[in-house]
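The values are calculated or read from the model by the stated rules, or taken from the named source; none is laboratory data. These numbers come from a predicted model, not from an experiment. Cβ placement follows ideal geometry from the backbone for every residue including glycine, while neighbour counts extend to all protein chains displayed. In case anyone asks, the SASA skips ligands and DNA or RNA and just uses the protein heavy atoms, side chains included. Shrake-Rupley method; radii C 1.70, N 1.55, O 1.52, S 1.80 Å.
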There are 2 protein chains.
Amino acid sequence: MRIALAQMNPTVGDIAGNCRKAIEFLDRAKAQAAQVVVFPELSIIGYPPKDLLLKPQFIDDNLRGLQSIAERVRDIDAIVGYAERNADPVGRPLHNAVALLRDGRIVSRHFKTLLPTYDVFDESRYFEPGPDNEKQNLVKLGDVVGGLSICEDLWNDERLIPYRLYHRNPIADLHDAGAQIMINTSASPFVVGKHEFRLKLFSSQVRQYGQPLIYVNQVGGNDELIFDGNSAVFDGAGNVIAQARDFEEDLIVVDVPLGGGSRAATSGPMNRASEGIESIYRALILGLRDYVRKCGFKSVVVGLSGGIDSALTAALAVAALGNDKVVGVAMPGRFSSDHSLADARTLAANLGIEFHVVPINDLHAAYEQTLAPAFAGKPPDVTEENLQARIRGALLMAFSNKFGHLLLTTGNKSEIAVGYCTLYGDMCGGLAVISDVPKTTIWQLARWMNQQSSKPLIPQSSIDKIPSAELRPNQTDQDSLPPYDVLDAILYRYVEEEKGVAEIISEGFDRDTVIRVIRLIDRSEYKRRQSAPGLKVTSRAFGFGRRMPIAQNYEQVSPKHGEPGAK
Amino acid sequence: MRIALAQMNPTVGDIAGNCRKAIEFLDRAKAQAAQVVVFPELSIIGYPPKDLLLKPQFIDDNLRGLQSIAERVRDIDAIVGYAERNADPVGRPLHNAVALLRDGRIVSRHFKTLLPTYDVFDESRYFEPGPDNEKQNLVKLGDVVGGLSICEDLWNDERLIPYRLYHRNPIADLHDAGAQIMINTSASPFVVGKHEFRLKLFSSQVRQYGQPLIYVNQVGGNDELIFDGNSAVFDGAGNVIAQARDFEEDLIVVDVPLGGGSRAATSGPMNRASEGIESIYRALILGLRDYVRKCGFKSVVVGLSGGIDSALTAALAVAALGNDKVVGVAMPGRFSSDHSLADARTLAANLGIEFHVVPINDLHAAYEQTLAPAFAGKPPDVTEENLQARIRGALLMAFSNKFGHLLLTTGNKSEIAVGYCTLYGDMCGGLAVISDVPKTTIWQLARWMNQQSSKPLIPQSSIDKIPSAELRPNQTDQDSLPPYDVLDAILYRYVEEEKGVAEIISEGFDRDTVIRVIRLIDRSEYKRRQSAPGLKVTSRAFGFGRRMPIAQNYEQVSPKHGEPGAK
């Protein structure tokens, strides 16, 4: 059975553009004599559409888009994702749906059963699950009975997933109902290490039911989320027999052997999936490029401090957009070291980008003078440190406004976690490129990029120097924070693993350090609420997938909660 | 039957503090010989706790808190809201629960059936609905069978609510199962006009089942949400026989007649619920006061432009906190009118607040000079306008940092909708007090406050003047925007009612104006993503209850979508 996997990159809400793209993929699949072409989840509207789904006109437009694709379908079957109205007047008004298109019309409609409503997902806000009868998700494709499922439907595997959110198991039900081949349309966002887990999970499902699986994932960046593609075909023994490219659009056409057991070493293109640091790199490049493009920008501006974070951000921007689309601005101040400007200049030269030096000393003095009457008798404190960051933020925004560049903000996950950043200062920007990358991973990424590059990229001194915000004399990050390897280890346990104070201390971390870090994280929520959207690469990013109250007073670190370390 | 309604104001996450408060209410109820005291939804942890619920330690602490209250319960029954673990290993890990406490122990546990997952609500993210058997929510209170429900459980009334989200109707089921009195614990946030609707809805429910209803609502501000209290008792004929105060803590003790039909004109305190403009005023005061208090601030700072928005914000702050807790800063610039500074000064004098004048001309010139080399040959544009707003933002943040004031941001809903505001400029601040109040309502509120005041408050010229940002010569808002009555009417239909372009035009609005306004709203999403939390008073506020993608391209205004106005 010859199936095409249409791994496309839709723009959220761009129904006309997404339909045009789908028709192009359809024509290419037909040209390669595919019997069926399969598109990702909600392919007509792009994932995640969020509250666009609440607009009745948007749903109408998406249904019209589906119809317009159906009219182009001849001599091939197409399985296309869209939003369908719930025919039952009771319940949420929509289904997350796929339609089978054939001979110019919509043959049948099929609904997602399991609706993720955790982390970045909000599907119960919009969708009603499909009826408790998986027969409705069986389709006849030539002589073969296909079992259709959508993304999460494939993830309810109690052997591999430590929690079970759903009582229903649509894949088991499809098997029992007589499916001979499983087809899953997905919009599964990237998290480092997730594709390796997907392969394990899907392979386990396939082996359990002895049927081949077609997995078609969306690709592309949509706001915070990056979809890695990595669409794949498994034979009935659980072997991957074809794999699409990661982090780019792809159409692969695969001859899928039916039944259980191994049939072919491969039967279609077999691309290598990137892993680890390389996968983070490729994810960030795609997320950055798509955010710039889908927001209609042509170029970006980055403030270059001479430090590692801004250097990495600029290098990623050049990799994503080209060096003629990136502008660097160094803004030395009273406490900037000589090496800061030198390193920024070297970086700009290495990258071959437009570079400006805009000193802030006059502005710094003007603020001090302007505020002197009101601040008379008050010693300098964090106010004056923040002013320097805010001057730089305003200057960068002026570059953004004047030339139409998108300002990229350069904060890393570690500093955003503990609030080691200035609101309306270094937090200014339309996209936070590395805000979900912990500092220890920042160093790895920078070294990796330098290793991959044939010419000098990020100055070694930017990588090697002791991190400093340079907002007061002889300042270093470690004046205020524990060493980054300790900070990142605590951060991982607290934010990604939701571990409590006692649990983290019991793993051998210093009690006071744990309490201090967790207090800093909790108390910085107000800053993060106003931060730019940031590209998600870990299992729990700040932003949409972590929804914390600001005015709260959960005092989790008092000894009464039974910490082992309490005296 | 004598029941106490404990309308308390919890702080989210402050389990120890909330439990202490609950015990105080319990003791007061006992002193008035109540047989039962009823607390609001999730009263131990405060509503909405958001992702604090994902922390296992937080759930443990809340269970320990419940136990600590139970141990204090003697000679009275208490019904207390908390989060319970789901005993079924499959499904979401928690229930939104109430416990019946008696004689020092937890007698029984009862779970919410209908979980709102729309607008600002995310309950399916955390909770599993209670089992499909309302008998589990019956409790024996003395000789009377009480039917327990939680907030949304009472809202599934197809006669009054135009959509039905749920198949189950727990209130009908409780009635059928033999309940003699309905007890509903709520955390129902304020929206202007909502309490009038609640009275109608609850009264209709009560009449249908012929049973009295006890409705206990949370009060207080928690981030964006303001809970109005307004707890009430209905007799079996649907008459309100007792009503707690709105917008403040209250404990009312009511002798509730059993059975259907009218029994008593009143049987407990009957407070007047404020409506319309007065209710918005009281909501904003409470929301502002609680945000300041619960975040640990003592005072606030407001930039005073001489215009109506900042004047209203400052006047609200004085009403909420007292004039010794509010600081006003006027920052006249090159394009400020003489009346701007004069009006700001008059306002500060009227309010009796600390007042500073910090001119921005030197800073404005310093930015121009600093940027001159990079901007050579470029004509002035919005860049220079934004710079002035950003200078003011940085100065106000310096006041905030130096003196520990919370900065209040003063933007109204109309300008935030269309992006007529500067990111990192006038959008700076920790709380957006009037960001959900449309400009036409701003004027009403200002006039109403002046009418209520015995002494001059907001200068009449601030109310009467033509709105202007004063960022370029002779600028007025109406250079860029339609008149505010038209803008607000379109905004209401598009944002609150989710109407489409064609539908709004068909109501008689000018086609080009509708398209222009909607484009402005859609394209300003990136600004709103970084805005301060804003107090919600309408049915759809920007922020957590309206989740829009940024990098999207929904082109809803092209003629192909069948607008009647298309040529």
In deg cm²/dmol, rounded to 500, what helix-only [θ] at 222 nm does chain A give when every DSSP H run of at least 4 residues adds -39500 (n - 2.57) and the total is split over its residues? -11000 deg cm²/dmol
Ranking request for peptides A:448-461, A:475-488, B:429-442, B:70-83: highest mean number of other beta-carbon atoms within 10 Å first, then the rest in descending order. B:429-442, B:70-83, A:475-488, A:448-461
Evaluated at q = 0.09, 0.19 Å⁻¹: base-10 log I(q)/I(0), Debye formula over Cα of segment B:125-238: -0.24, -1.07
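Assign unit charges at the C-beta atoms only (+1 for Lys and Arg, -1 for Asp and Glu), then state the dipole size of chain B relative to its Cα centre in Debye, rounded to the nearest 20.
The dipole magnitude comes to about 640 debye.
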Here the percent of antiparallel bridges among DSSP beta bridges lying wholly in the protein assembly as shown, to the nearest 5, is 50 percent
Cα-based Rg (one decimal) and Dmax (whole number) for segment B:55-152, in Å? 13.9, 41
If you take the Cα Rg of segment B:113-152 and divide it by 2.2 N^0.38 Å, with N the number of residues, what do you get? 1.45
Quick one: divide the alpha-carbon radius of gyration of chain A by 2.2 N^0.38 Å and tell me what you get. 1.06
If you wrap a convex hull around the C-alpha atoms of segment A:307-409 and split its volume per residue, what is the figure in Å³? 105 Å³
Which distances, shortest first and in nm, link B:Arg164 to the matching position in the other copies, using label points set 7 Å out along Cα to C-beta? 3.2
How big is the dipole moment of segment A:335-452 about its Cα centre under a simple scheme where the beta carbon of each Lys and Arg is +1, that of each Asp and Glu is -1, and everything else is neutral? Debye, nearest 20, please. 280 debye
Let me know the whole percent of all Cα-Cα pairs from segment A:1-125 that are separated by more than 18 Å. 50 percent
Take every Cα-Cα distance within segment A:445-536, group them into 5 Å bins from 0 onward, and report for each bin the whole-number percent of pairs it holds. 2, 10, 16, 16, 18, 18, 12, 6, 2, 0
Karplus ³J(HN,Hα) for segment B:543-550 (6.51 cos²θ - 1.76 cosθ + 1.60, θ = phi - 60°; Hz, whole; x = Gly/Pro) runs x, 5, x, 9, 10, 10, x, 8
Could you tell me which residue out of A:Asn323, A:Ser310, A:Ala374 lies farthest along the dipole of segment A:295-410 toward its positive end? Charges go on the beta carbon: Lys and Arg +1, Asp and Glu -1, centred on the Cα centre. A:Asn323
A correct Karplus calculation of ³J(HN,Hα) over segment A:429-444, with 6.51 cos²θ - 1.76 cosθ + 1.60, θ = phi - 60°, whole Hz and x for Gly and Pro, returns x, x, 9, 9, 6, 10, 6, 10, 10, x, 4, 5, 6, 4, 4, 4
Report the one residue of B:Tyr47, B:Phe58, B:Val73 whose Cα lies farthest in the direction of the positive end of the charge dipole of segment B:34-86 (charges on C-beta: Lys and Arg +1, Asp and Glu -1; origin at the Cα centre). B:Phe58
Which one, A:Val206, A:Asn222, A:Ala187, is farthest towards the positive end of the dipole of segment A:148-272 when Lys and Arg carry +1 and Asp and Glu -1 on their Cβ? A:Val206
Please calculate how many Å² of accessible area segment A:417-567 carries per residue, with a 1.4 Å probe and no DNA, RNA or ligand atoms counted. 39 Å²
Mind checking the mean number of beta-carbon atoms from other chains within 10 Å of the Cβ atoms in B:123-129? 3
Which distances, in nm and shortest first, link the A:Phe197 label point to the same label point in every other copy, taking 7 Å along Cα→Cβ? 3.9
Evaluated over segment B:1-57, the Cα radius of gyration and Dmax, each in Å: 12.8, 39
Karplus (6.51, -1.76, 1.60) ³J(HN,Hα), θ = phi - 60°, over segment B:531-539, in Hz, Gly and Pro reported as x: 7, 5, x, x, 5, 8, 10, 10, 5
Any residue on another chain or 5+ positions along whose placed amide H is under 5 Å from the amide H of A:Ser188 is listed here as A:Gln218
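Give me a single rounded figure for B:85-96: the average over its residues of other chain Cβ atoms within 10 Å of their Cβ.
Per residue, the average neighbour count from other chains is 2.
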What does the convex hull of the Cα atoms of the protein assembly as shown come to per residue, in Å³, rounded to a whole number? 176 Å³
Residue pairs, from the table A:Lys55/B:Lys112; A:Lys50/B:Lys294; B:Lys413/B:Lys499, whose Cα atoms sit over 20 Å apart: A:Lys55/B:Lys112; A:Lys50/B:Lys294
Treating only the Cβ atoms of Lys and Arg (+1) and Asp and Glu (-1) as charged, compute the dipole magnitude of the protein assembly as shown about its Cα centre; round to the nearest 20 debye. 120 debye
How many nm separate the modelled label positions at A:Ala87 and B:His339, each set 7 Å beyond the Cα in the direction of the Cβ? 6.4 nm
Computed for B with A: buried accessible area summed over both chains, 1.4 Å probe, rounded to 100 Å², at 8500 Å²
Label distances, nm, A:Arg74 versus same residue in remaining copies, Cβ-directed 7 Å point: 8.8
